[in-house]
1. Can you name the number of the only condition in (1) surrounded by fewer than 23 Cβ atoms within 10 Å (Cβ to Cβ); (2) modelled with pLDDT under 95 that LEU222 fails?
2. Note down all Cβ pairs under 7 Å where the first residue falls in segment 195-209 and is touching a residue at least 12 places away in the same chain (Cβ under 8 Å) and part of a strand (DSSP E or B), the second is polar (S, T, N, Q) and surrounded by fewer than 24 Cβ atoms within 10 Å (Cβ to Cβ), and they're at least six residues apart or on different chains.
3. For ARG210, work out the one condition from (1) within 16 Å of the chain's Cα centre (by Cα); (2) more than 18 Å from LEU271 (Cα to Cα); (3) of a type in the set (D, E, K, R) it doesn't fulfil.
4. With respect to the numbered conditions (1) at pLDDT 85 or above; (2) open to solvent by 10 Å² or more (accessible area, probe 1.4 Å), which one is the sole condition not fulfilled by LYS282?
5. Restricting the first residue to segment 101-124 and requiring it to be surrounded by fewer than 18 Cβ atoms within 10 Å (Cβ to Cβ), which pairs with a second residue that is of a type in the set (Phe, Trp, Tyr) and part of a strand (DSSP E or B) meet a Cβ separation below 7 Å and a spacing of at least six or different chains?
6. Select from segment 144-170 the residues that are open to solvent by 30 Å² or more (accessible area, probe 1.4 Å), within 20 Å of ILE131 (Cα to Cα) and not aromatic (Phe, Trp, Tyr) and list them in ascending order.
7. Give segment 327-355 a look and list any residue that's charged (D, E, K, R), in a strand (DSSP E or B) and either at pLDDT 95 or above or out of contact with any strand residue (DSSP E or B) (no Cβ under 9 Å at 6 or more places or on another chain) (or both), or say none.
8. State yes or no: is SER364 modelled with pLDDT of 90 or more, crowded, with 17+ Cβ neighbours inside 10 Å and hydroxyl-bearing (Ser, Thr, Tyr)?
Amino acid sequence: MRLIVIFIVCIIGISYNAQKKFSYKNIDEHNLKKLRKNQHEIDSIKSRHFKGAVDLTSYLPANYSRKGNIDYTRYLQNGIDKNSIVLMPNFPILVNYLGLTLKSNSKIMFQGSSKLIVRANNEELYHCIKIEGVKNLEVYFANIEGDRHTHKGETGEWGMGFFIRHAENIKIYKPIIKAFWGDGIYIGRDKGIVSNRITIEKALIDDNRRNGISVIACKNLLISNSLISNTNGTSPEFGIDLEPNTNTDILDNILLANNTTYNNNKGGILLALDYLKGKEAKPINIKVVGHADNYSERGIEFAIDRGYNSSLLTLKGEISISDSRFNENTSSILTNESLKSKIDLKLDNIYINNSKLNNIKIKSFIDNFVNGKESTLNYD
């Protein structure tokens with residue numbers, strides 16, 4: 001009899017684990033239509049912002065391939081280095097793990113059939129597009145694909161689509177970013193200088209391995225009207241992860257507006273803020289408005305203290321979440337592994353499975369958050 005019970009328990013465990021296994025979900029056409037580039041929009045932006053632009057096709061060698069099967073990284077880089085306003089060749093191109101490094105005071109546009117494909121490699125860290133120490137840059141319609149499904153190594157988690165550090169006044173409009181070994185977009189600091197005034201608008205970020213977007217350090221960041229989906233493979237596996245590395249990082253005037261996170265393995269938005277704690281408690285200023293999450297395990301998760309620097313000053317500042325909708329999540333909003341903080345948390349107009357949360361539940365959650373109690377906000 002005891003053997004039968006053990007057998008049944010094992011079967012239940014196997015069934016449960018099978019249910020928890022990640023499953024890719026196709027994005028519905030309604031969401032895709034808003035993010036696709038179209039020829040009319042390409043022509044309009046080209047006529048307004050790319051007069052006199054140099055087509056980088058002219059830098060390719062004779063008898064070049066249009067199939068995306070030959071590495072032309074150095075040819076494209078040569079054209080970028082020599083020109084300030086450029087058009088990508090209007091066909092797919094293979095690039096190596098070094099990717100393309102963009103420069104200050106420049107503009108780059110991907111045309112209708114432009115695409116960069118990262119060649120399969122075994123690097124723990126790589127980037128397709130590097131923006132480091134750069135000011136005043138605009139990138140339109142980037143279409144980039146990583147090597148997560150052809151990657152030759154098994155270690156590392158830092159193969160990035162856009163790698164942005166120590167950058168200022170950067171605009172990325174309507175990118176398509178897929179299948180990177182690490183993050184679709186990484187935003188941080190370098191040489192002690194935090195990125196500032198970064199705008200990401202109408203992005204489609206899908207099937208990346210670590211996070212859709214990782215924000216380590218930034219001031220004046222706007223991510224708007226974007227779709228981040230199907231992030232899976234290695235922790236944290238969130239659509240957007242705001243997670244400083246040290247107390248010298250900054251999250252100030254961060255606005256996430258009208259974004260959709262969809263079927264990310266662990267969650268939609270992660271606010272892992274504990275590494276900001278230090279001898280000088282830096283204020284946090286984060287606003288999330290119009291966020292919708294569908295099918296991710298968690299809609300929004302807070303990690304205010306996971307045991308790091310617990311004897312130092314608590315965090316302070318303001319986090320506001322409003323006009324948000326969560327559907328088919330295991331947990332809609334939760335605060336996990338938390339201690340007391342001085343963060344002013346505001347929640348307003350929150351819907352879970354199409355039902356609006358009442359103020360009593362919201363107040364109870366905020367009280368638990370402030371007092372360092374683990375808490376989950378769901379609609380019962």
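The values are calculated or read from the model by the stated rules, or taken from the named source; none is laboratory data. Just so you know, these numbers come straight off a predicted model, no measurement behind them. Every residue, glycine as well, gets a Cβ built from its backbone with ideal geometry; the counts of neighbours run over all protein chains shown. Surface areas here come from the heavy atoms of the whole protein model, side chains and all, with no ligands, DNA or RNA. Shrake-Rupley method; radii C 1.70, N 1.55, O 1.52, S 1.80 Å.
1. Among (1) surrounded by fewer than 23 Cβ atoms within 10 Å (Cβ to Cβ); (2) modelled with pLDDT under 95, LEU222 violates only (2).
2. Matching pairs, first to second residue: ASN196/ASN220; ARG197/ASN169; ARG197/ASN220; GLU201/SER224; GLU201/ASN225.
3. If we test ARG210 against (1) within 16 Å of the chain's Cα centre (by Cα); (2) more than 18 Å from LEU271 (Cα to Cα); (3) of a type in the set (D, E, K, R), just (2) comes out false.
4. Here LYS282 clears every test but (1).
5. Between residues of segment 101-124 that are surrounded by fewer than 18 Cβ atoms within 10 Å (Cβ to Cβ) and residues that are of a type in the set (Phe, Trp, Tyr) and part of a strand (DSSP E or B), the close pairs are GLU124/TRP158.
6. Result: GLU145, GLU157, ARG165, HIS166, GLU168, ASN169.
7. Across segment 327-355, the qualifying residues are LYS346, ASP348.
8. no
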